[in-house]
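In what follows, a structure is listed as structure tokens, so that the remarks can point back to it.
What follows draws every value from the coordinates through simple rules; no lab data is involved. What you are looking at is a predicted structure, and each value in this text was computed from that prediction instead of being measured. Counting neighbours? That spans all protein chains shown, and the Cβs are built from the backbone with ideal geometry, glycine included.
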Amino acid sequence: MRGYYFITGASLSKAGDISDVRKAVKARVSVIQMRAKGGDPEEIFRKARVLRKICRDSIFLVNDRVDIALSVGADGVHLGRGDMSLESARALLGPGKIIGVTVRSLEQAVQAEKEGADYIGAGPVFKTTTKTDAGEPLGIGFLGELKRTVSIPIAAIGGITPSNLPDVVEAGADLVCSIAPVVTSSDVEAEILKYQSLFRQVRPLRLLRTVRD
């Protein structure tokens, strides 16, 4: 799991989640997450079923809703703070599904890895207006500490732009996500490709430094 991590933008999106996901798949995004906070369960299920079909060549995750993920055959879920416990989600999903967990401390990250999380979501890295209850920015330093503490992939989110993406990847992010700048763009696919290109430019440098060290 490396590169750009696409999360649907719902009300922020200009074209709508389904159109955006089609463009994300066309841009060869490897991981796509459907946000499923609130709303009518039947509507969430219908959209998830459509997105599952679109994401045949991408990992498709549902945010929070383990029941929806199971119903549509998603590849897994992402659990935020206050959602179902990882242990309970694993019991329902089984060992073959992917489970990501949002963390805001090293202790939470260590616990998530110990409990069997497949990856960690860390954010907001920088100040963001996309999610009003996201909390204070964690900063680049936290990503570095997190990378040295856990061995599972790290997905960084929150305030990430083309200008600061290199620092985020250098600090240890395996996946990067920027919701608002992408889904509000007039060309979603081109914006995603921009982030992917920047990621690829930085990642080889980081790998070389690791080998040399």
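Some points to look at:
- For the pair LEU12 and GLU107, a Förster radius of 25 Å applied to the C-beta separation gives a FRET efficiency near 0.20, rounded to the nearest 0.05.
- Tensor-based shape of the stretch 1-75 (alpha-carbon gyration tensor, a/c under 1.5 rounded, otherwise prolate or oblate): oblate
- Three-way shape call for the chain based on the alpha-carbon gyration tensor, with the a/c threshold at 1.5: oblate
- Residue separation of ARG200 and VAL50 scaled by 0.36 nm, minus their Cα-Cα distance, works out to 51.0 nm of gained length.
- Flagged links, alpha-carbon separation over 23 Å, of LYS37/LYS194; LYS26/LYS53; LYS37/LYS97; LYS23/LYS97; LYS114/LYS194: LYS37/LYS194; LYS23/LYS97; LYS114/LYS194
- Under Karplus coefficients 6.51, -1.76 and 1.60, residue-wise ³J(HN,Hα) of the stretch 26-42 in Hz, glycine/proline x: 4, 7, 6, 6, 7, 10, 10, 10, 8, 6, 9, 7, x, x, 6, x, 5
- Model label zone, ARG148; criterion: amide N under 16 Å from point 7 Å along Cα-to-beta-carbon; scope the stretch 89-129: 106-107, 110
- Phi-derived couplings, Karplus 6.51 cos²θ - 1.76 cosθ + 1.60 at θ = phi - 60°, listed residue by residue for the stretch 155-162: 9, 9, 9, x, x, 7, 10, x Hz, with x used for Gly and Pro.
- Computed per residue of the chain from DSSP H runs no shorter than four, each worth -39500 (n - 2.57), the mean residue ellipticity at 222 nm is -13500 deg cm²/dmol.
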